[in-house]
1. For region 17-29, how many residues are in contact (Cβ under 8 Å) with a residue 12 or more places away in the chain and surrounded by fewer than 18 Cβ atoms within 10 Å (Cβ to Cβ)?
2. Could you say which residue among 43, 35 is modelled with pLDDT of 85 or more and either in contact with a Phe, Trp or Tyr (Cβ under 9 Å, 6 or more places away or on another chain) or not small (Gly, Ala, Ser) (or both)?
3. Return the residues of region 22-45 that are under 26 Å from residue 82 (Cβ atoms) and either of a type in the set (S, T, N, Q) or assigned to a strand (DSSP E or B) (or both); say none if nothing qualifies.
4. Taking the options 65, 5, name whichever one is more than 20 Å from residue 121 (Cβ to Cβ) and either out of contact with any Gly (no Cβ under 6 Å at 6 or more places or on another chain) or without any contact (Cβ under 8 Å) to a residue 24 or more places away in the chain (or both).
Amino acid sequence: MRQLLAALGDNVKPRGKGWICRCPVHNDKDFAMSINVGRDRPIVAYCYVCEAGGLELYQALGVDLEEYFGKKLERDANYMPRDVKELLDLDRTVVKIYRRQEERGVYASLEDKRRYKLAKGRIIGVQQKYGL
């Protein structure tokens with residue numbers, strides 16, 4: 001949390017048991033992102049404008065992901081954090097469903113298209129990072 005707060009600098013301020021900040025993912029001018037310390041993982045962040053989470057926050061700031069995942073990341077070539085695996089599986093499912101619907105000629109809502117593009121982008125990012 002120290003690295004994160006230091007990286008945010010003047011763009012963060014305390015609120016309740018956590019903090020709020022200007023979202024660095026979409027370069028917000030308002031304090032639209034909340035940051036808290038969670039039970040299952042140390043950092044829980046959410047932007048109410050762009051819907052970015054903790055992982056996107058850390059990546060946008062270039063902060064060490066070991067702090068985000070709450071443990072020292074193993075450097076094994078086959079290692080991928082559990083949270084990343086779960087998100088990758090979910091994103092792959094979203095892409096598969098979207099493409100099947102598209103093949104059947106089913107109209108996709110704007111929200112479905114946005115979710116599909118987000119999932120596709122994250123899949124590409126994970127594949128590049130972990131060499132899949």
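The values are calculated or read from the model by the stated rules, or taken from the named source; none is laboratory data. Fair warning: this is a prediction, and the values are worked out from it, not measured in the lab. Cβ coordinates were reconstructed from backbone atoms using ideal geometry, including for glycine residues, and neighbour counts include every protein chain displayed.
1. Number of matching residues: 3.
2. Checking each option against the conditions leaves just 35.
3. 33, 34, 35, 36, 37, 43, 44, 45
4. Just a single option satisfies the conditions, and that option is 5.
This table checks each residue for (1) over 18 Å from residue 57 (Cα atoms); (2) basic (Lys, Arg); (3) exposed (fewer than 15 other Cβ atoms within 10 Å of the Cβ); (4) modelled with pLDDT of 95 or more.
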| site | (1), (2), (3), (4) |
| --- | --- |
| 87 | no, no, no, no |
| 102 | yes, no, yes, no |
| 105 | yes, no, yes, no |
| 108 | yes, no, yes, no |
| 112 | yes, no, no, no |
| 117 | yes, yes, yes, no |
| 123 | no, no, no, no |
| 128 | yes, no, yes, no |
| 131 | yes, no, yes, no |
